[in-house]
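Note sheet for the following structure.
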Amino acid sequence: MNWIVDNPKMNVVVMTGAGISAESGIQTFRGTNGLWENHRIEEVASPIAFRRDPVMVWNFYLQRRKQALTCRPNTGHLAVAELEKWIRSAGGSFLLVTQNVDGLHSRAGSRNVIEMHGSLMMTRCTACGEVFQDESTDMELPPRHDCPDKGLLRPHIVWFGESLFPGDMERIESAIEMCDMFIVIGTSGIVYPAAGLVNFANRLGKRTVCVNKDAPANIDLFDRFIEGEAGSELPKRLFPEK
Ligand code: APR
């Protein structure tokens, strides 16, 4: 069997997108039945939309939060979590970078994770900046923080037109610089800066592997492309079962 990772004494960075959660029942963004088919992105996932109509934006994110809480990690998430354990116990290093905000990787047991687009289960105060865990799905809208300014609360999500959280890009890039292999799973390769990380790894001469249901936009940048669904391909191909 031609495993993606056949030796655990390696430094590996994995980046995932919506495709890895599709088999858990979470809608992807693009493609048939994609979430953005029914919504204009800029009407719900941008700071302008939030300024214009915070209640509508909150309703959209509460609906997604509710849905994520009812879904369970699938065999793809579990395989990524097992790979991390295998590598770390052998002395290699492992970083998981996810564009997903559903929290399923952590629930599957992944530990070293950067949620580069934020999390549905976190809320942030627009006045004092406090970020906190928040799984409530029923609240008075728009919610206010109990800080001195009674700041308007917002989802802790990186919206279109916003930068990543401070420090995340530096941590991701230095992990890629140190890695032996960059594995990308379930992402269309369209949204930057995530898509640009493949160019970055490629320019550094890193081995790049992609597992995706359809060919991503940046397929030419990969050394190996495995076409298929993450939940069935990863358990069979990611690393040898112990
Ligand atoms: N297994 C593997 N890949 C899959 C599966 C599956 N079961 N199902 C779908 N895919 C693939 C699709 O072929 C597609 O290429 O996953 C990709 C999902 O693409 P998008 O919906 O564009 O999701 P993603 O790349 O994560 O989007 C990036 O865009 O709107 C924003 O902030 C949002 O983080 C998101 C970002």
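Under 28 Å Cα-Cα from Lys150, which lysines qualify once same-chain neighbours fewer than 8 residues away are excluded?
Hits, sequence-local ones excluded: Lys66.
May I ask you to give the percent of accessible area on the stretch 85-242 that is carbon plus sulfur, with a probe radius of 1.4 Å?
Accessible surface attributable to carbon and sulfur in the stretch 85-242 totals 47 percent.
By its C-alpha gyration tensor, with a ≥ b ≥ c as the square roots of the eigenvalues, how is the stretch 100-140 shaped: rounded for a/c under 1.5, else prolate for a/b larger than b/c, else oblate?
It is oblate, given that a/c is not under 1.5 and a/b is not larger than b/c.
Roughly speaking, what is the stretch gain from Trp36 to Glu173, that is 0.36 nm per residue apart minus the C-alpha to C-alpha distance, in nm to one decimal?
Once the chain is fully extended between Trp36 and Glu173, it gains 46.4 nm.
Separation of the stretch 85-154 and the stretch 6-71 by C-alpha centroid, Å?
When both Cα centres are located, 13 Å separates them.
I'd like the orientation of helix 75-89 relative to the chain: the angle between its Cα long axis and the longest Cα principal axis, in ° from 0 to 90, rounded to 10.
Taking Cα atoms only, the helix is inclined about 60 degrees.
For Ala127 paired with Phe225, estimate the spin-label separation in nm (one decimal), with each label point 7 Å from Cα along the Cα-to-Cβ line.
Result for the modelled spin labels: 5.1 nm.
Can you tell me the length gained on complete extension of the stretch Asn112 to Arg72, counting 0.36 nm per residue apart and subtracting the Cα distance?
12.5 nm
Sticking with the crude label model, points 7 Å out along Cα→Cβ, report the distance from Ile48 to Asp214 in nm, one decimal please.
Placing both labels 7 Å along Cα→Cβ, they lie 2.6 nm apart.
Considering Cα pairs under 8 angstrom that are at least six residues apart, work out the relative contact order of the stretch 34-165 and quote it in whole percent.
25 percent
The values are calculated or read from the model by the stated rules, or taken from the named source; none is laboratory data. All values reported here derive from a predicted model rather than from experimental measurement. Here the Cβ is made from the backbone with ideal geometry for all residues, glycine too, and neighbour counts use every protein chain on show. Note: accessible area is taken over every heavy atom of the protein model, side chains too, but ligands, DNA and RNA are not part of it. Shrake-Rupley method; radii C 1.70, N 1.55, O 1.52, S 1.80 Å.
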